Amino acid sequence: DQQVKQNSPSLSVQEGRISILNCDYTNSMFDYFLWYKKYPAEGPTFLISISSIKDKNEDGRFTVFLNKSAKHLSLHIVPSQPGDSAVYFCAASANDGTDKLIFGTGTRLQVFP
Amino acid sequence: GAGVSQSPSNKVTEKGKDVELRCDPISGHTALYWYRQSLGQGLEFLIYFQGNSAPDKSGLPSDRFSAERTGGSVSTLTIQRTQQEDSAVYLCASRVGARTGELFFGEGSRLTVL
């Protein structure tokens, strides 16, 4: 049962344009969401997070939007840069007494010049 | 250490052998997680520790997998009688303890079972 889903395995965007990565979840107990970025042969690194009490969080070129009613979140990168090319993972955590962090399957972003 | 350290970085083994993967978390981090990433797959949760105890072992794929953590620090993931489907990158991560704290990952241990 995949509780966190990233339905687009890959995305290709031109440099300077906006990249939009999507994530859907099924567990209504999830109240904290994160995005991680992973380069080949490296561990994932934290990018940005959002609590369910907010619907938007912005950090520089990165903005995460949360739509609780739709159980959907998205990561916007603008403007996209070639160095943003990586695999992006969405993750979610529930306030259920556990500390489990559930990751999606990832979306490979390629930013071309 | 400055970051999460995992060893070995690469391990090739024959089917049926046992392997041990080690994780040295960031000093002071009480929570420690193991994930694995199979080829073309996402990050699959295996187990996490809060201190030395493992409240949630639900992600371990079979009873061939076990993990322990001693002294609230180093953790070892053991896979007995390895199978080809165990081939994956095994990632360890740690954080201070708060559920909303940032999770810091190691570079992973790539396991190949021939």
- Task: Any chance you could tell me what percent of the C-alpha pair distances in the protein assembly as shown go past 33 Å?
- Result: 16
- Task: Run down the aspartates and glutamates and flag those whose C-alpha is under 14 Å from the C-alpha of A:LYS100, throwing out any fewer than 8 positions away in its chain.
- Result: A:ASP31, B:GLU44, B:ASP56, B:GLU102
- Quick one: if you stick a label point 7 Å off each Cα along the C-beta vector at B:GLN50 and B:GLU68, how many nm between them? 2.3
- Task: About the Cα centre of the protein assembly as shown, how large is the charge dipole given +1 on each Lys and Arg Cβ and -1 on each Asp and Glu Cβ? Please answer in debye to the nearest 20.
- Result: 160
- Item | Protein accessible area in chain B, 1.4 Å probe - carbon and sulfur % | 45
- Query: Once you average over the residues of A:41-54, how many Cβ atoms of partner chains fall within 10 Å of each Cβ?
  - Reply: 3
- Message: Just to be sure I understand the model, the point goes 7 Å from the Cα along the line to the Cβ. What's the resulting B:SER58 to B:THR13 distance in nm?
- Response: 2.7
- Message: What's the magnitude of the charge dipole for chain A around its Cα centre, counting Lys and Arg as +1 and Asp and Glu as -1 at the beta-carbon? Answer in Debye, nearest 20.
- Response: 180
- Cα→Cβ-extended label distance, 7 Å offset, between A:SER51 and A:LYS68, nm: 1.2
- Query: Which listed residue (A:ILE53, B:ALA67, A:THR63) has the Cα farthest towards the positive end of the charge dipole for the protein assembly as shown, taking +1 on Lys and Arg C-beta and -1 on Asp and Glu C-beta about the Cα centre?
  - Reply: A:THR63
- Note on the structure: For chain A the translational diffusion coefficient, Stokes-Einstein from a Kirkwood Rh over Cα pairs at 20 °C and viscosity 1.002 mPa s, in µm²/s, is roughly 152
- Task: For the stretch A:52-68, take each phi angle, set θ = phi - 60°, evaluate the Karplus expression 6.51 cos²θ - 1.76 cosθ + 1.60, and give the result in whole Hz per residue in order, putting x for glycine and proline.
- Result: 5, 7, 10, 10, 7, 9, 10, 8, x, 7, 10, 9, 10, 10, 10, 10, 5
- Message: Please give the Cα centre distance for the stretch A:42-113 versus the stretch B:39-114, rounded to the nearest Å.
- Response: 22
- Query: Nearest 20 debye, what's the magnitude of the dipole of the stretch A:20-72 about its Cα centre given +1 on Lys and Arg Cβ and -1 on Asp and Glu Cβ?
  - Reply: 60
- Note on the structure: Shielding of B:101-107 by other chains, given as the mean Cβ count within 10 Å, works out to 5
- Message: Probe radius 1.4 Å, ligands and nucleic acids ignored: give me the carbon and sulfur share of the accessible area of chain A as a rounded percent.
- Response: 48
- chain B: projected area of the alpha-carbon convex hull, averaged over directions, in nm²: 6.6
- Note on the structure: GNM of chain A, Cα pairs under 10 angstrom: of A:THR98, A:THR26, A:THR45, the biggest fluctuation goes to A:THR98
- Chains A and B: accessible area buried, summed over both chains, 1.4 Å probe, nearest 100 Å², reads 1700
- May I ask you to find the residues of the stretch A:56-104 that are shielded by at least 30 Å² of accessible area once the whole protein assembly is considered instead of their isolated chain (probe 1.4 Å)? A:PHE89, A:ASP99, A:LYS100, A:LEU101, A:PHE103
- Task: Could you work out the Kirkwood radius for the stretch A:44-91, taking every pair of different alpha carbons, averaging 1/r and inverting it, reported in Å?
- Result: 11.6
- Query: Can you list the aspartates and glutamates whose alpha carbon is less than 19 Å from that of B:LYS15, not counting same-chain residues fewer than 8 positions off?
  - Reply: B:ASP63, B:GLU85, B:ASP86
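The values are calculated or read from the model by the stated rules, or taken from the named source; none is laboratory data. Remember, predicted model here, so these are calculated numbers, not experimental data. Every residue, glycine among them, receives a Cβ derived from its backbone with ideal geometry; neighbour counts consider all protein chains shown. To get the accessible areas, we keep the full protein, side chains included, count just its heavy atoms, and leave off ligands, DNA and RNA. Shrake-Rupley method; radii C 1.70, N 1.55, O 1.52, S 1.80 Å.
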